[in-house]
1. Looking at (1) buried (at least 16 other Cβ atoms within 10 Å of the Cβ); (2) assigned to a loop (DSSP other than H, G, I, E, B), find the lone condition where residue 75 falls short.
2. Testing residue 122 on (1) farther than 21 Å from residue 9 by Cα; (2) out of contact with any strand residue (DSSP E or B) (no Cβ under 6 Å at 6 or more places or on another chain), one condition comes back false. Which one is that?
3. So, in region 116-143, of the ones that are in a strand (DSSP E or B) and touching a helix residue (DSSP H, G or I) at 6+ places or on another chain (Cβ under 7 Å), which residue ends up surrounded by the fewest Cβ atoms within 10 Å (Cβ to Cβ)?
4. Checking the conditions here, which among 57, 83, 146 is over 24 Å from residue 30 (Cβ atoms) and surrounded by fewer than 21 Cβ atoms within 10 Å (Cβ to Cβ)?
5. Out of 100, 69, I need the residue that is touching a strand residue (DSSP E or B) at 6+ places or on another chain (Cβ under 7 Å), surrounded by fewer than 20 Cβ atoms within 10 Å (Cβ to Cβ) and not in a helix (DSSP H, G or I). Which one?
6. For region 5-63, give me the residue count where each residue is more than 20 Å from the chain's Cα centre (by Cα) and in contact (Cβ under 8 Å) with a residue 40 or more places away in the chain.
7. What residue, among those in region 1-37 that are surrounded by 12 or more Cβ atoms within 10 Å (Cβ to Cβ) and outside any helix (DSSP H, G or I), is modelled with the lowest pLDDT?
């Protein structure tokens, strides 16, 4: 039973939602602290509000896009297979059926950094290309670091690609 050790179930959870949005919360907190020290100067408040709004809108766009892509899905990662559960159906993809996995990462995540200047830098996803031509998309709402969750699959070719805005 080589495929049973170290199984990892990937699903959308509240923790994963907060993990994806934590940079936005952190940035908002930092900006409020800075504004407090400047006595909420009108010009700085407007500039920070505009900057934070742009970052929030783009990250919420990615969040909703990712949520719509993986809503109702659950994946189980084993070293020999990937199991997809959706709408009560279970589909098993053996590693030899997978052509490759392409992971799209922000520059910060590509360098394996945990520091994100913008909230959009925390969003990333993986495309599992099957030999049949079908593609599975797994987003960071399923696991905080989807690339590391899929790495345990033996014999599967992994490719990392850098993107500033990781929309699907």
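The values are calculated or read from the model by the stated rules, or taken from the named source; none is laboratory data. Since we're looking at a predicted model, the values are computed, not measured. Every residue, glycine among them, receives a Cβ derived from its backbone with ideal geometry; neighbour counts consider all protein chains shown.
1. (2)
2. Here residue 122 meets the rest and fails (1).
3. Step one: list which residues in region 116-143 are in a strand (DSSP E or B), which gives 125-130, 135-139.
Filter once more, keeping what is touching a helix residue (DSSP H, G or I) at 6+ places or on another chain (Cβ under 7 Å): 125-126, 130, 137-139.
Details: 125: 25, 126: 23, 130: 14, 137: 16, 138: 27, 139: 27.
The extreme case among them is 130.
4. Details: 57 fails: over 24 Å from residue 30 (Cβ atoms); 146 fails: surrounded by fewer than 21 Cβ atoms within 10 Å (Cβ to Cβ).
One residue alone meets the criteria, 83.
5. Details: 69 fails: not in a helix (DSSP H, G or I).
The conditions single out 100.
6. Residues that pass the stated criteria total 2.
7. Only one residue tops the list, namely 3.
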